Amino acid sequence: QVQLVESGGGLVQPGGSLRLSCAASGRFTNIYAMGWYRQAPGKERELVADTTSLGSAVYADSVKGRFTISRDNAKNTVYLQMNSLKPEDTAVYYCRTYTGMVDWGQGTQVTVSS
């Protein structure tokens with residue numbers, strides 16, 4: 001089982017930036033995919049960005065050009081740099097890993113508001 005510890009959420013004004021981090025620990029051989037999802041109130045959880053152990057990445061159309069996902073395989077850590085934040089980015093952001101099974105972090109709140 002994988003334990004995921006997220007950090008970096010908070011309150012930011014529109015146009016601002018935040019950086020999320022997620023560190024994985026536990027018993028696993030390889031983290032095949034590591035990424036971020038989000039869930040806004042009353043909405044379904046959705047993909048924000050995901051990355052494989054080989055470095056390929058996918059992004060939701062709504063965040064392309066504003067968010068950047070990166071990964072440090074040596075530290076089993078994934079980052080999400082979020083720039084030009086908009087109020088519609090407000091949500092709980094969840095880290096997700098796939099090691100042969102899916103694990104989720106506890107979530108970190110991101111609020112974009114003036």
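The values are calculated or read from the model by the stated rules, or taken from the named source; none is laboratory data. Since the structure is predicted, the reported quantities are computational estimates derived from the model, not experimental observations. To get the accessible areas, we keep the full protein, side chains included, count just its heavy atoms, and leave off ligands, DNA and RNA. Shrake-Rupley method; radii C 1.70, N 1.55, O 1.52, S 1.80 Å.
Brief remarks follow.
- Area of T29 that stays accessible when all protein chains are in place (1.4 Å probe, Å², to 10): 140 Å²
- Here the Kirkwood formula, the inverse mean of 1/r across different C-alpha pairs, assigns segment 1-50 a hydrodynamic radius of 13.1 Å.
- Solvent-accessible surface (1.4 Å probe) assigned to K43 amounts to roughly 140 Å².
- Mean sequence separation of contacting Cα pairs (under 8 Å, at least six apart), scaled by the length of the chain, corresponds to a relative contact order of 37 percent.
- Where N is the number of residues in the chain, Cα Rg divided by 2.2 N^0.38 Å: 1.00
- Accessible surface ranking that places the most exposed of F67, F28 first, with a 1.4 angstrom probe: F28, F67
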